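Bear in mind that the values in this text are calculations on the coordinates, not laboratory data. Values in this document were obtained by computation on a predicted structure and should not be read as measured data. Here Cβ is always computed from backbone atoms with ideal geometry, including for glycine, and neighbour counts include all displayed protein chains.
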Ligand SMILES: NC(=O)c1ccc[n+]([C@@H]2O[C@H](COP(=O)([O-])OP(=O)(O)OC[C@H]3O[C@@H](n4cnc5c(N)ncnc54)[C@H](O)[C@@H]3O)[C@@H](O)[C@H]2O)c1
């Protein structure tokens, strides 16, 4: 870039046009990172004769992201039941949605012991608790909003698909990126011929180093065998969005990846089992739990913070002394890869290269799309399309949250689909989502066996 010029100036110099979409943020609802959620367009929320009623199974981070939609748009969605074993979460959720006592349950199994009492269920339980509730819900005639991954087992994913077909119920998989205006626009441009014939895609998922330590070293997904390998737990969104944008069948996949850094042999001298145990390198460690949670107050939603702010410091300290979130990142029982690369061959020899990286200072996906007549370079909040024929550059911009505004747009479409009993209003039905899950299973097989795997549907 010429010195002294901003990117916008450069675009002006090159005769570029700037387009974009500007969205409003919720004044109160936040995602699990604490970022305000982007509100969906009104057009996605056609008035309904009555709101869709739903029961939330798992009132943790994601259960609240989706449930909060009902608070913002009570004419669209009404949460009428909850299953959640952690008392404070169950209590807060029930209060927020005014759920009657008889419809508050400890565990998902209890919900299905009752006669059907809602249109749908929202499944936001941990990864290994998706299959049971989803199969039970379909058997009882509920429509479903199902968090990804569909299931840690390929067979179970296929079972859910088969039962949804047999029962004719709607299962929307929470591939939220498909609802993000950024990816919708990219796909539209790729399919319109704006860059000629699409030849290849490079897609990059920078996790950000403290996010990695929080979720995949200390947190819920630190052990791939107890949950799911990171390619499913984190990057199934990415293989899915690559597949969705290219919109051709995937043929072959090959992956490499490893856990390189968060291991016992890398523990610095003077470090201790917990960051609170007098670790001698705590002050300079970027992964220090005291730095992340106690001093920066980052990602503390996971601690179910008390309402009284005066109690926050003591509450966080207690969590650091008693939960995995206070443990040294080099001394966990973690096994998730901290770098993972994957090549995919699609029909017509279109190729995609995907890379997931823990060691970045930033989050947000990066995409490069190469076509015969142009290319697109984007970072989820903006992209630039260059037309090789004219040299013209076109920039598109939007405000972004971690999922590019996809969270509530997914719920908006799902509510309409359930209300109208029309699955075609969704872009991530289980039917449309299964292939990218099969790609993830094949990638993991390739990584473990050092093979190139065919993708068989
Ligand atoms: N779509 C996305 O971008 C996205 C982002 C993060 C997580 N996820 C997925 O969403 C799911 C939930 O993740 P989360 O971050 O909300 O986790 P979380 O731990 O915050 O929430 C899960 C909740 O389920 C509850 N639970 C456990 N056993 C239960 C049972 N038997 N019955 C009912 N509830 C039970 C837990 O107590 C917890 O409150 C996971 O599968 C995760 O992989 C998806």
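Spin-label point model (7 Å from Cα, Cβ direction): what's the residue 50 to residue 256 distance in nm?
5.9 nm
Could you put 100, 205 in order, starting from the residue whose Cβ has the fewest other Cβ atoms within 10 Å?
Least to most surrounded, the residues fall as 100, 205.
Based solely on C-alpha atoms, express the radius of gyration and the Dmax of the range 275-430 in angstrom.
22.3, 63
Would you calculate, for the chain, the mean residue ellipticity at 222 nm contributed by helices, counting each DSSP H stretch of 4 or more residues as -39,500 (n - 2.57) and dividing by all residues, to the nearest 500?
Only helices count here, giving -8500 deg cm²/dmol.
Taking one equal scatterer on every alpha-carbon of the range 147-288, how large is log10 of I(q)/I(0) by Debye at q = 0.15 1/Å?
-0.96
Please report the antiparallel percentage of DSSP beta bridges with both residues in the chain, rounded to the nearest 5.
Percentage antiparallel, nearest 5: 60.
So for the pair residue 313, residue 359, with labels modelled 7 Å out along Cα→Cβ, what separation do we get in nm?
About 3.6 nm, to one decimal.
Quick one: Debye curve from the alpha-carbon atoms of the range 276-319 only, equal weights, vacuum; give me log10 I(q)/I(0) at q = 0.33 Å⁻¹ to two decimals.
After summing over all Cα pairs, the log10 values are -1.25.
Ratio to report: Rg/Rh of the range 141-213, with Cα atoms as the point set and Rh obtained by the Kirkwood method; give two decimals.
1.09
Express in nm, to one decimal, how much length is gained between residue 392 and residue 347 on full extension, taking 0.36 nm for each residue of separation and deducting their alpha carbon distance.
13.2 nm
How long are the three semi-axes of the equivalent ellipsoid for the range 40-110, computed from the Cα gyration tensor as the root of 5 times each eigenvalue, in whole Å, largest first?
One finds semi-axes of 23, 12, 9 Å for the range 40-110.
Within the range 116-138, what residues put their amide N at less than 19 Å from the label point 7 Å along the Cα-to-Cβ vector of residue 223?
It comes to 126-130, nothing else.
Along the principal axes of its C-alpha atoms, what lengths does the range 351-457 span, in descending order and rounded to whole Å?
Each principal axis gives a Cα extent; for the range 351-457 these are 45, 44, 33 Å.
Given contacts defined as C-alpha pairs under 8 Å and at least six residues apart, what's the relative contact order of the range 332-396, whole-number percent?
18 percent
If you count, for each residue, the other Cβ atoms within 10 Å and average over each peptide, how do 446-452, 239-245, 195-201 line up from highest to lowest?
Taking the mean over residues of other Cβ atoms within 10 Å, the ranking is 239-245, 195-201, 446-452.
Based on the Kirkwood radius over alpha-carbon pairs, what is the Stokes-Einstein translational diffusion coefficient of the range 81-146 at 20 °C with 1.002 mPa s viscosity, in µm²/s?
Rounded to a whole number, D works out at 177 µm²/s.
For the range 216-272, what is the largest minus smallest coordinate of the Cα atoms on each principal axis, given in angstrom and ordered from greatest to least?
Result, largest extent first: 53, 21, 18 Å.
What order do you get for 430-439, 254-263, 406-415 when each peptide is scored by the mean count of other beta carbon atoms within 10 Å, highest first?
406-415, 430-439, 254-263
For a footprinting-style exposure proxy, rank 380, 212 by other Cβ within 10 Å, fewest first.
Going from least to most buried by this count: 380, 212.
Take peptides 111-122, 223-234, 24-35 and line them up by average Cβ neighbours within 10 Å, highest first, as a rough protection proxy.
223-234, 111-122, 24-35
Just the Cα atoms of the chain: what Rg and Dmax do they give in Å?
Computed over the Cα atoms of the chain, radius of gyration and Dmax are 22.5, 68 Å.
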